[in-house]
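Here's the structure, in structure tokens; my notes come after.
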């Protein structure tokens, strides 16, 4: 596996183009299981998680081929297996989303319980409870969820937590169930809305996506469709924070303004300039950064996937910032690595107190999860000397050609061969 060497001190300047959203693309690819006809998905990022999805779908009978740099055709003419094995599901928890569409299409599924980033417990009990309410018989055996259903039927499903994955899994099961399904306390995230747009293009009858109540009227079959994945709001936020932490001036082309309101508000609160420009957003920072209080929340609140990046930024703010993590209970592991670089951070339960500004100093650091890796890169960009980031494979799961994009903005970033193992 590679390492990343970051030499700090250079303000980022220029224009950068966003990739398609990883978190939107993955469920859209999995939706191919719902139809015998082909799907053509545009703006698919070339990421490790996308490759894992293609491999998993291939084991289930889906034929995939790239028709352009970011255009992927998928055709599930026949389902040849009903099992999503541990060796693939353990590396990417989004793989668990095959449960709903496999059941809806074939009446049975055997799916390993998932893995993914080590950022706390992310149980699949909400997925299972919701799909059970649609009439599936489900049992846990030997680390697998085994599900059967002669005919799924519509039901009223209440989610105890507004879970993105559970909302998507239940949606994909319900679109071919008999009758009407209501998903209450549904996740409102843009990625859920994007999946709903694809399913509607395939012939599904869905209303309410983007609200807390999604209504689905099941149909007997779905057809093929063509769909363009939304831009990645987490990559957008990461690059916006990169501009602010380096005191730079960057235009993020394709940045979805309507999906970034909480992020924009907090960046402006720190003193950064954020303004819409043709085709995207411009982020610049000339004055000293101000401290803020930040709480992660489900959409449209501040995303947990940008918490590590904001922590890196707030090490450079003049004063005391407070970050409260409400989504994942184990998502401050990057703070220990930032402290090795000189950050002044005190953690107590779900709260981190960040005092700044501190002169960060380059050091060997280790990524513990996907978004932590980006937070450490941002710290490296603001630090003196060089930072060596190991476990870059986390980064490759969610950021497409990040080193090339940062170099184009003037960052001194390079990948070098490493020896660590995933």
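List of remarks:
- Percent of Cα-Cα distances greater than 18 Å, calculated over the stretch 93-221: 47 percent
- Values of log10 I(q)/I(0), in the order q = 0.11, 0.16 Å⁻¹, for the stretch 316-422 under a Debye, Cα-only, solvent-free model: -0.36, -0.75
- Computed on the Cα atoms alone, the convex hull of the stretch 1-119 gives a volume of 132 cubic angstrom per residue.
- With the simple model of a label 7 Å out from the Cα in the direction of the Cβ, residue 37 to residue 106 spans 2.2 nm.
- Each Cα pair under 8 Å and six or more residues apart adds its sequence gap; the mean of these over the residue count of the stretch 22-228 is a relative contact order of 20 percent.
- Value of relative contact order over the chain, rounded to a whole percent, pairs C-alpha under 8 Å and six or more apart: 21 percent
- At R0 = 35 Å, FRET efficiency that the Cβ-Cβ distance of residue 87 and residue 201 yields, to 0.05: 0.60
- The modelled label-to-label distance between residue 220 and residue 137, using points 7 Å beyond Cα along the C-beta direction, is 2.6 nm.
- Zone residues, the stretch 167-209, relative to residue 158, backbone N less than 18 Å from point 7 Å out along Cα-to-Cβ: 167, 181-187
- The simple Förster model, with R0 at 51 Å and r as the Cβ-Cβ distance, assigns residue 351 and residue 80 a FRET efficiency of 0.55.
- Residues residue 416 and residue 273, FRET efficiency given R0 of 25 Å [Cβ-Cβ distance, rounded to 0.05]: 0.10
- Distance from the alpha carbon centroid of the stretch 259-301 to that of the stretch 148-183 works out to 35 angstrom.
- Compactness of the stretch 210-301, taken as the C-alpha radius of gyration over 2.2 N^0.38 Å, stands at 1.41.
- Kirkwood hydrodynamic radius over Cα pairs of the chain, then Stokes diffusion coefficient at 4 °C and 1.567 mPa s, in µm²/s: 59 µm²/s
- Added length on full extension, which subtracts the Cα-Cα distance from 0.36 nm per residue, residue 339 to residue 359: 6.1 nm
- Among beta bridges that DSSP assigns inside the chain, antiparallel share in %, nearest 5: 70 percent
- Spin-label model, residue 178/residue 290: points 7 Å from Cα along the beta carbon direction are separated by 6.1 nm.
- Estimated purely from DSSP H runs of n ≥ 4, each contributing -39500 (n - 2.57), the mean residue ellipticity at 222 nm for the chain is -8500 deg cm²/dmol once divided by its residues.
None of the figures in this text is laboratory data; all of them are computed from the coordinates on show. The model shown is predicted, which means the values in this text are computed figures rather than measured ones. Here the Cβ is made from the backbone with ideal geometry for all residues, glycine too, and neighbour counts use every protein chain on show.
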